[in-house]
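Novice: One structure, pasted below without further comment.
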Amino acid sequence: MKCSRCGNEYEGNFCPKCGAAAQQYTTQQSPPPPYGQPPYAQPPYAQPPYSPSPAVPYVAVSTKDWLVALLLCIFLGGLGIHRFYVGKVGTGILYLFTGGLLGIGVIVDIILIATKSFRDKYGLILQNSYV
């Protein structure tokens, strides 16, 4: 028998020169390439049809909608209802007792929500399901 690694002729289960195990091949199987040779090229059907792009990041998005938060902020911002909606209960109570931080906090929140920079209590950006 001829060793598939080093090409040495031997008899038995292991090659005495390199220690490779003996392999029996059927007529449908082809032997592996000799030791030191590159492996056979894979057929084209074994390769994926596309390669995923590593440049596309995964972005987690909140379950709360930005348009609902914007409308709540415009019409009920002084009561802090938009803050309760996104889960920010502490600042919602603060807005409730201070009139939206005397209106300044409401204006800041309207700008943040309109530019889609406003985040929920988990720090996730509000979803945009209407575009």
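Novice: Could you check GLY87 against (1) outside any loop (DSSP other than H, G, I, E, B); (2) within 23 Å of GLN127 (Cα to Cα) and say which number it fails?
Specialist: With (1) outside any loop (DSSP other than H, G, I, E, B); (2) within 23 Å of GLN127 (Cα to Cα) applied to GLY87, the lone miss is (1).
Residues are listed down the side, and each one gets a yes or a no for (1) outside any loop (DSSP other than H, G, I, E, B); (2) aliphatic (A, V, I, L, M); (3) at pLDDT 70 or above; (4) more than 18 Å from GLN127 (Cα to Cα):
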| position | (1), (2), (3), (4) |
| --- | --- |
| SER4 | no, no, yes, yes |
| GLU11 | no, no, yes, yes |
| GLN23 | no, no, no, yes |
| SER62 | yes, no, yes, no |
| LEU67 | yes, yes, yes, no |
| ILE93 | yes, yes, yes, yes |
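Novice: In region 99-131, which residue that is small (Gly, Ala, Ser) and more than 16 Å from GLY80 (Cβ to Cβ) is surrounded by the most Cβ atoms within 10 Å (Cβ to Cβ)?
Specialist: Per the stated criteria, the residue is ALA114.
The values are calculated or read from the model by the stated rules, or taken from the named source; none is laboratory data. Note that the coordinates shown come from a computational prediction; the quantities given were computed from them, not determined experimentally. Methodologically, a virtual Cβ is constructed for each residue, glycine included, from the backbone with ideal geometry; neighbour enumeration extends over all protein chains shown.
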